[in-house]
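K.L.:
The structure's right below; bear with me while I get my questions together.
Every number here is computed from the coordinates shown, using simple stated rules; none is lab data. Here the structure is a predicted model, which means the values were calculated and not measured. Cβ: placed from backbone, ideal geometry, glycine included. Neighbour counts: every protein chain shown.
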Amino acid sequence: MTGQAAWRSNARCASITGSLATTFFSEELEDMAVAKRICAERPVMADCLEGALDRYEPYGVWGGQLFLNGKVLTKKRRRGRPPKAVRPEEDFPLVPIPERLLPLLRIA
Ligand code: SF4
């Protein structure tokens, strides 16, 4: 196994089925936060993020970042009036972006 195929064998989301699989493409802030936390624990995170940036991923959580139309969304909030206090389950984990990928970054 080489290149892309090698890191994909360590991709946690590749072995996830059922409702957790949809977590990475959910519209719910709680799910997005869970997906980001899962990514943050993975050694393949940087490779995954690089691939998502290369592919201009249209949607979902990839490599610890939330994508929309090929760009990384740094903030996402619930529709409607902002809550007075952030719910802990919606607190977006800040997953650091590896320095080598910063030149590739497109932020929405
Ligand atoms: S970094 Fe996240 S999206 Fe990428 S393979 Fe791992 S769990 Fe999946």
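K.L.:
What residues qualify as long-range amide H neighbours of residue 72, i.e. H under 5 Å apart, gap of 5 or more or another chain, H built at 1.01 Å from N?
P.N.:
The answer is 106, 107, 108.
K.L.:
Using the Karplus curve 6.51 cos²θ - 1.76 cosθ + 1.60 with θ = phi - 60°, work out ³J(HN,Hα) for each residue of region 74-83 in order, rounded to whole Hz, and write x for Gly and Pro.
P.N.:
Working through the residues one at a time gives 8, 9, 8, 10, 5, 5, x, 5, x, x Hz.
K.L.:
Which percent of the Cα-Cα distances in region 3-104 go past 24 Å? List each step's numbers first, then the result.
P.N.:
Working: 1018 of 5151 pairs.
The calculated P(r) of region 3-104 puts 20 percent of pairs beyond 24 Å.
K.L.:
Label-point separation (nm) for residue 91 and residue 108, each offset 7 Å from Cα along Cα-to-Cβ?
P.N.:
Inter-label distance under the simple model: 2.5 nm.
K.L.:
Projected onto the charge dipole of region 58-108 (+1 at Lys/Arg Cβ, -1 at Asp/Glu Cβ, origin at the Cα centre), which of 85, 74, 96 gives the Cα projection farthest towards the positive end?
P.N.:
Sorting the options by dipole projection puts first 85.
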